[in-house]
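Right, one structure below, let's go through it.
The values are calculated or read from the model by the stated rules, or taken from the named source; none is laboratory data. These numbers come from a predicted model, not from an experiment. Don't worry about glycine lacking a Cβ; one is built from the backbone with ideal geometry, like all the others, and counts go over all protein chains shown. Only protein heavy atoms, including side chains, enter the accessible area calculation; ligands, DNA and RNA are left aside. Shrake-Rupley method; radii C 1.70, N 1.55, O 1.52, S 1.80 Å.
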Amino acid sequence: MTAVGTERRVIRVVVNGVPYEREVEARLLLSDFLRHELGLTGTHVGCEHGVCGACTVLFDGEPVRSCLFLAVQADGHAIETVEGLAPSESELHPLQLAFWEKHGLQCGYCTPGMLMVLKAFLAEHPNPTEEEIREAISGNLCRCTGYQNIVEAALSAAQLMRQS
Amino acid sequence: MKPPRFRYYAPHSLEEALAVLAEMADEAKPLAGGQSLIPMLNMRLARPSLLIDLNGLHELSGIELDNGALVVRAMTRHRAVERSPLVAEHTPLLAEAIRWVGHLPIRTRGTVGGSVAHADPAAELPGVLMALDGTVQLTSRRGQRLVPAEDFFIDLLTTAAEPDELVTEVRFPSLPSRTGTAWLEVARRHGDYALVGVGAVVSLAEDFTTVTEARLSFIGVGGRPVRARLAEAALRGQPVAAETWRAAAATVRGEIDPAGDIHASAEYRRYVAGVLAERALALAAERAREGARQ
Ligand SMILES: Cc1cc2nc3c(=O)[nH]c(=O)nc-3n(C[C@H](O)[C@H](O)[C@H](O)COP(=O)(O)OP(=O)(O)OC[C@H]3O[C@@H](n4cnc5c(N)ncnc54)[C@H](O)[C@@H]3O)c2cc1C
Ligand code: FES
Ligand code: FES
């Protein structure tokens, strides 16, 4: 039975609403697939072992670490990255607006992961407490802001989204 | 950090998975949530030549009651456990502990079977399983067996599962009436692996003033989850009172033997285990009373 499984596979995925078909190595991480194969470099890579959260994307709507995910496992599924957040070239998503207005970012390295985990979290908790937000982003490290403005931005985004 | 080369196989049924595992047990690794296995591949601490992806096996996920016991199938995500009303009602200790497992995006992928099979000594699920005297179902092409938690967890990342066996379900027995449970832990930050964690189970006599049975299951204080058997025996028949919990804490400190590492010294772990035991016992006893009042 030495021929079980393959080192390469053809996968079909929908990323930010766009369908792609690619042949990839089985060991290719989803993070590298998005960045190197599709050129979607908004998904950042910090630690590649699940600790920093910079690579967080949505897999069928739920937040996952793209560095702990094989591209072949995304076959037949939908991925959403930070590039898919803004509704158009000229508009920002309420989360992006709030991060901008509340200074929720400095260098911006952690921001894509923060935005994606918060998108999933706010969809489930439209009216969160500060405490709940802190728990939701507990798996996302930021080396710049001290988190305070990120939490404020998340609260403000939740309010914006409730109003719209 | 990139994984080494491997072949990837996504079986369509448990039977297919078991057949391949039976042939290739020495070089294959099952892939569940990947939240522990993929970091090990990225760091090249593991070099399996074949990954058998269990994620397509829907027969391996689900939560149900069977003869009063809560049965959680192996590929059930931590998130599904966290959201399950059945778990909250039937096994509140599991519902309370699961929120301490990593972070939201880790729990989205992480599985119950993966946590148990991986057997990290600071992982919550093995601690809960030990506290509730649960069992692990192992399945291979040779057949199926049920292993009590006590015999399943052997040491650091070492379990009773043979290389050709899959964890297929985990079973949490029901608790007697007038019983309360509590999970407490200390970690550097929420979502980090616990420095020390404890699950307490306390059953009270009909008048609610005496402990009839108590269990304490610790994580982070040994190579596997540790039951404080001496403290448990001493608690039987004691009055429901602050002094009882304090005395239990002292017994716990005497009987456990934690190791020190860069995260915490052995002394610190021993001390904290006592503090957590005292608080968890009081909380579990309180819940036993409240539960009966409802
Ligand atoms: C940043 C971070 C923080 C974390 N914090 C915590 C924490 O606080 N507490 C905690 O408990 N865990 C924590 N984890 C680990 C997480 O819970 C893992 O998901 C879990 O330990 C393994 O489950 P998995 O489904 O991801 O398994 P995988 O990573 O897929 O597999 C782990 C191991 O188990 C084997 N395996 C998996 N499923 C089976 C099966 N059904 N039968 C036989 N073997 C199997 C695999 O071959 C592999 O060797 C953390 C992980 C990360 C990345
Ligand atoms: S790069 Fe994925 S969690 Fe850090
Ligand atoms: S803004 Fe720099 S890491 Fe968060």
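Only Cα pairs under 8 Å and 6+ residues apart enter the sum, and on that basis the relative contact order of chain B stands at 15 percent. Overall, the anisotropy analysis places the protein assembly as shown in the oblate class: the square-rooted eigenvalues a ≥ b ≥ c of its C-alpha gyration tensor yield a/c not less than 1.5, with a/b not exceeding b/c.
Within the same chain, lysines fewer than 8 places from A:LYS119 are excluded, and of the rest, those with a Cα less than 23 Å from its Cα are A:LYS102.
The string of couplings for region B:233-244 from the Karplus curve (6.51, -1.76, 1.60, θ = phi - 60°) is 5, 5, 6, 4, x, 7, x, 6, 7, 4, 5, 4 Hz, one whole number per residue in order, with x for Gly and Pro.
Chains B and A: how much accessible area gets covered up at their contact, both sides added, probe 1.4 Å, in Å² to the nearest hundred?
Chains B and A together bury approximately 3200 Å².
Packing order of peptides A:129-140, A:86-97, highest average first: A:129-140, A:86-97 (average count of other Cβ atoms within 10 Å over each peptide's residues). Working note: Karplus 6.51/-1.76/1.60 with θ = phi - 60° gives region B:222-229 the couplings x, x, 8, x, 10, 8, 8, 5 Hz, where Gly and Pro are set to x. In terms of packing, defined here as the mean over residues of other Cβ atoms within 10 angstrom, the peptides B:256-263, B:227-234, A:148-155 line up highest first as A:148-155, B:227-234, B:256-263. Could you tell me what percent of the accessible area of region B:91-151 is made up of carbon and sulfur, with a 1.4 Å probe and every protein chain present? Answer for region B:91-151 is 53 percent, counting heavy atoms of protein chains only.
Please report, to two decimal places, log10 I(q)/I(0) for region B:199-272 at q = 0.15, 0.24, 0.25, 0.26 Å⁻¹ as given by the Debye formula with identical point scatterers on the Cα atoms and no solvent. Here log10 of I(q) over I(0) equals -0.52, -1.05, -1.11, -1.17. Most fluctuating residue of A:PRO128, A:PRO112, A:PRO19 in a GNM of chain A with Cα springs under 10 Å: which is it? Sorting by GNM fluctuation, first place goes to A:PRO19. Largest mean-square fluctuation among B:ALA122, B:ALA280, B:ALA247, in a Gaussian network model of chain B whose springs join Cα atoms under 10 Å apart, belongs to B:ALA247. Averaging Cα coordinates gives a centre for region A:140-164 and one for region B:89-125; these two points are 27 Å apart. Distance from the Cα centroid of region B:140-184 to that of region B:1-60 is 21 Å (rounded to whole angstrom).
Counting only protein heavy atoms and a 1.4 Å probe, chain B has 41 square angstrom of accessible area per residue.
Only lysines eight or more places from B:LYS29 in sequence, or on another chain, were considered; those with a Cα closer than 24 Å are B:LYS2.
Here the sum of -39500 (n - 2.57) over DSSP H runs of 4 or more residues, divided by the residues of chain A, equals -8500 deg cm²/dmol at 222 nm, to the nearest 500. Full extension of the chain segment joining A:ARG8 with A:ASN127 gains 38.4 nm, where the gain is 0.36 nm per residue of separation less the Cα-Cα distance. Note: relative contact order over region A:8-84, using C-alpha pairs below 8 Å and six or more positions apart, is 39 percent. For region A:55-128 and region B:230-294, what is the separation of their C-alpha centers, rounded to whole Å? Computed from Cα coordinates, the inter-centre distance equals 42 Å.
Residues of region A:37-68 whose accessible area (probe 1.4 Å, heavy atoms of protein chains only) drops by at least 40 Å² once all protein chains are present, relative to their chain alone: A:GLU48, A:HIS49, A:GLU62, A:PRO63, A:ARG65, A:LEU68. Is the C-alpha gyration tensor of region B:122-274 telling us rounded, prolate or oblate? Criteria: a/c under 1.5 is rounded; beyond that, a/b larger than b/c is prolate, otherwise oblate. Oblate is the answer for region B:122-274, as a/c is 1.5 or above yet b/c matches or exceeds a/b. Per-residue ellipticity at 222 nm, computed for chain B from helices alone with -39500 (n - 2.57) per DSSP H run of at least four residues, works out to -10500 deg cm²/dmol. Averaged over its residues, region A:94-163 has an accessible area of 48 Å² per residue, based on protein heavy atoms and a 1.4 Å probe.
Ignoring ligands, DNA and RNA, please state the percent of accessible area on region B:1-49 from carbon and sulfur, probe 1.4 Å. Whole-percent figure for carbon plus sulfur exposure: 49.
Take every pair of alpha-carbon atoms less than 8 Å apart whose residues are at least six positions apart; their mean separation over the length of chain A yields a relative contact order of 23 percent. Were the residues from B:ALA259 through B:ARG47 laid out at 0.36 nm apart, the gain over their Cα-Cα distance would be 73.4 nm.
Buried on complex formation within region B:14-56 (loss of at least 50 square angstrom of accessible surface versus the isolated chain, 1.4 Å probe, ligands and nucleic acids ignored): B:ILE38. Amide H to amide H distances under 5 Å link B:THR212 with B:SER203, B:LEU204, B:ALA205, B:GLY237, where only residues 5 or more positions off or on other chains count and H is placed in the peptide plane. For region B:5-80, GluC sites (Glu not before Pro) are listed when DSSP marks them as loop and at most 15 other Cβ atoms sit within 10 Å of their Cβ; the list is B:GLU27. Taking the Cβ of A:GLU152 as the centre, find all other residues whose Cβ is under 15 Å away and add up their charges (Lys, Arg: +1; Asp, Glu: -1). Combined, the nearby Lys, Arg, Asp and Glu give -2.
Rolling a 1.4 Å probe over the protein heavy atoms of region B:178-294, with every protein chain left in place, gives an accessible area that is 51 percent carbon and sulfur.
Counting Cβ atoms of other protein chains within 10 Å of each Cβ in A:23-34 and taking the mean gives 3. Residues whose amide H comes within less than 5 Å of that of A:HIS93, counting only those at least five positions distant or on another chain, are A:ALA86 (H built at 1.01 Å from N in the peptide plane). Tilt of helix A:111-124 relative to the longest C-alpha principal axis of chain A, in degrees (0 to 90, nearest 10)? Tilt relative to chain A: about 80 degrees.
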